[in-house]
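The values are calculated or read from the model by the stated rules, or taken from the named source; none is laboratory data. Every value quoted in this text rests on a predicted model; they were computed, and no experiment measured them. Positions of Cβ are generated from backbone atoms using ideal geometry, with glycine treated the same way; all protein chains shown enter the neighbour counts.
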């Protein structure tokens with residue numbers, strides 16, 4: 001029907017899960033052919049990378065996928081062992097934790113190595129202060145709530161990718177969240193032209 005339909009598989013942690021899901025996609029295609037219904041025979045099948053296991057096995061998983069999206073909300077939660085819905089531990093949910101940034105970088109590198117598109121979804125994608133980090137990694141697609149679009153758009157227009165790349169190298173080498181926040185704050189205050197030393 002002219003729609004650009006793509007299939008995204010959530011909570012993937014193994015090759016077996018992708019292969020099984022793709023078998024069901026092929027089964028659905030067979031049924032559509034038998035019913036003589038029009039459909040896109042080359043519908044892309046992608047994966048959500050939102051579990052630490054998926055990041056560690058990203059190269060193998062992406063070999064079976066057409067694209068990927070990094071689900072930052074769940075990735076942070078499962079990496080840090082924190083239930084965002086539990087007020088007792090919710091303050092430990094930390095998107096600036098160096099482990100989170102390193103996992104995001106690892107998944108991005110795996111996708112780029114195989115020339116597979118990768119995007120960011122989750123609250124992190126709409127955070128103005130995190131935009132330089134994503135641009136520094138070479139990520140070009142961010143999902144966010146509509147009200148964040150003009151804010152993030154303005155931020156992107158003010159940045160140089162080379163400055164973001166230098167910042168990103170510093171961020172992934174940071175020892176703790178406090179250091180990450182300080183670097184992001186300095187970068188935002190000084191702007192892309194002056195960025196952090």
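Within the set 147, 130, the sole residue that is over 17 Å from residue 105 (Cβ atoms), part of a helix (DSSP H, G or I) and at pLDDT 95 or above turns out to be 147. Just to be sure, is residue 54 more than 11 Å from the chain's Cα centre (by Cα), crowded, with 21+ Cβ neighbours inside 10 Å and more than 23 Å from residue 163 (Cα to Cα)? It is true that residue 54 is more than 11 Å from the chain's Cα centre (by Cα), crowded, with 21+ Cβ neighbours inside 10 Å and more than 23 Å from residue 163 (Cα to Cα). If you go through segment 115-146 and keep only what is more than 12 Å from the chain's Cα centre (by Cα), under 18 Å from residue 48 (Cα atoms) and exposed (fewer than 15 other Cβ atoms within 10 Å of the Cβ), you end up with just 115. Of the listed requirements (1) free of Cβ contacts under 8 Å to residues at least 24 places away in the same chain; (2) closer than 28 Å to residue 53 by Cβ, residue 180 misses just one: (1).
Given the criteria at negative phi, at pLDDT 95 or above and out of contact with any strand residue (DSSP E or B) (no Cβ under 8 Å at 6 or more places or on another chain), does residue 157 qualify? So residue 157 does not fit the description; no. Against the conditions (1) closer than 30 Å to residue 151 by Cβ; (2) modelled with pLDDT of 95 or more, residue 92 satisfies every one except (2).
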